[in-house]
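Here's the structure, in structure tokens; my notes come after.
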Amino acid sequence: MSRNLKTHRRAWILAAIVLLAFGLRLHRLGSESLWYDETVSVHLAGKSVPDLVAHTAGDIHPPGYYLLLHVWTRLAGSSDFAVAFLSLFFGVLLVALAYWLGARVFGANAGVLAAFLVAISPYNVWYSQEVRMYTLLVTLTLCSSYLLWLALEDANTVSRRWKWAGVTVTLILALYTHYFAVFILVFQIVYTL
């Protein structure tokens, strides 16, 4: 089979996997009432930005996700479906990122397998339907890891700086989303050294 045909076929397979991921996450999205932590997310997103930041200064979670949800609810509304759709978006984006990182590190077939496993992961589907910061956190940390891989293999000084800047920005955003991102930061420092 020619390389072009393989690439074309792989693109269709990846598109099908992304559509599967979207369908699994969309199924019954917003059909169940929000549980306590999700209502806290929606409540905080409904506050003014200064009040939201002031509240999260004493909270166990940083304000990044709540600020994003604040903007999202202004655009999409605050129905159970609308607020959960933000997590769905990042859950589907995570499937594509799993492909890119898997393909870059282990080859295209491994990337397709990684995307498929993330797409059908019950854990990922569940969190892609919750009004919480978890899919955003994983998406940012995986994006950071992908950029780190690219930066470490890039010999061009200028483009390498941009990739390192991307690693830094995505890690800062991840830390601003959830404090557990510090574990990815430690891993990336150890891996780089």
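The values are calculated or read from the model by the stated rules, or taken from the named source; none is laboratory data. For clarity, every value in this text was computed on a predicted model and none was experimentally measured. Reconstructed Cβ throughout: ideal geometry from the backbone, glycine too, with neighbour counts over all protein chains shown. Just the protein is used for accessible areas: all its heavy atoms, side chains included, with ligands, DNA and RNA removed. Shrake-Rupley method; radii C 1.70, N 1.55, O 1.52, S 1.80 Å.
Computed values, structure above
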{"read-out": "Conditions (1) more than 20 Å from I120 (Cβ to Cβ); (2) in contact (Cβ under 8 Å) with a residue 24 or more places away in the chain; (3) surrounded by 13 or more Cβ atoms within 10 Å (Cβ to Cβ): number failed by V40", "value": "(2)"}
{"read-out": "Breaking point among (1) β-branched (V, I, T); (2) at pLDDT 95 or above; (3) over 18 Å from A45 (Cβ atoms), for T157", "value": "(2)"}
{"read-out": "Residue in the range 72-89 that is under 16 Å from the mean Cα position of the chain (by Cα) and under 30 Å from K6 (Cα atoms) present", "value": "yes"}
{"read-out": "From the options R10, R3, R25, residue that is touching a residue at least 40 places away in the same chain (Cβ under 8 Å) and over 21 Å from T135 (Cα atoms)", "value": "R10"}
{"read-out": "Any chance Y191 is closer than 30 Å to S33 by Cβ and aromatic (F, W, Y)", "value": "no"}
{"read-out": "Any hit, the range 50-67, residues being within 24 Å of V125 (Cα to Cα) and aliphatic (A, V, I, L, M)", "value": "yes"}
{"read-out": "In the range 61-78, the residues that are open to solvent by 30 Å² or more (accessible area, probe 1.4 Å) and free of Cβ contacts under 8 Å to residues at least 12 places away in the same chain", "value": "V71, R74, L75, A76"}
{"read-out": "Residue satisfying all of: in the range 145-185; over 20 Å from P62 (Cβ atoms) and in a loop (DSSP other than H, G, I, E, B); least open to solvent (accessible area, probe 1.4 Å) among these", "value": "D154"}
